[in-house]
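Please treat every number below as a calculation from the coordinates, not as lab data. This one's a predicted model, so the numbers in the text were calculated from it and none came from an experiment. Methodologically, a virtual Cβ is constructed for each residue, glycine included, from the backbone with ideal geometry; neighbour enumeration extends over all protein chains shown.
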Amino acid sequence: MNRGIVTKRIIQGVAVAFGVLGLMWMFMGLGFAVTGFREPDYLMTLLGISMAVVLGGVLVAIAWANLRHFGSRSIRHVAALVVATIYLCFSSWLFQLMEWLERAKPMVGLLLVAMLWLSLYLMHRLYRALSCKLIQLAGLANGERGDPALLSDAPSDAPSERE
């Protein structure tokens, strides 16, 4: 196996994992829909249910698109999911640090905002670097078509040819 096929299989494995996570979120949201309407706060219940179902649907859609058509766009989507997951794990630690700094000195609001923006910028740079490196490893850089074995449906990538 060459490096491009191994990269494709790893990226598709990560996409499948996110797809399974999306299905779990969707079923969890629907389960809350069945049991949650006994609560007195219907608006918050509806908001929580819709957020879980929509987020799960987005994860399933990205996984499905990646498994159907592999290309640089699907690599970018999976890289964005991975970086968003890293940021969500990192943000809980960051918010704890911000809370500790705020207790230590109450007037450090500007520093806290700068830390938040810096973390967002670093995650954006990580996304760009990770997606570019994965596209390069898959052999799809600079508009190249890459290995034909990597592309699952070459004619279906251009919908204008069918018309």
Between L97 and Q136, what is the spin-label point distance in nm, taking each point 7 Å from the Cα along the Cα→C-beta axis? 2.7 nm
Which log10 I(q)/I(0) values, to two decimals, does segment 77-126 give at q = 0.24, 0.30 Å⁻¹ under the Debye formula with one point per Cα? -0.86, -1.10
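Could you tell me which GluC sites (Glu not before Pro) in segment 79-144 are loop residues by DSSP with no more than 16 other beta carbons within 10 angstrom of their beta carbon? The partial results should precede the final answer.
Values: sites: E99, E102, E144; in loops: E144.
For GluC sites (Glu not before Pro) across segment 79-144 that sit outside H, G, I, E and B with at most 16 neighbouring Cβ atoms in 10 Å, the list reads E144.
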Go through segment 10-27 residue by residue and turn each phi into a ³J(HN,Hα) via Karplus (6.51, -1.76, 1.60, θ = phi - 60°); whole Hz please, and just put x for glycine and proline. 5, 5, 5, x, 5, 5, 5, 4, 5, x, 5, 4, x, 4, 4, 5, 5, 5
Trypsin sites (Lys or Arg not before Pro) lying in DSSP loop within segment 26-115, provided at most 11 other Cβ fall within 10 Å: R38
Assign one of three labels to segment 44-101, namely rounded, prolate or oblate, based on the Cα gyration tensor with a ≥ b ≥ c the square roots of its eigenvalues; rounded applies when a/c is under 1.5, prolate when it is not and a/b is larger than b/c, and oblate otherwise. oblate
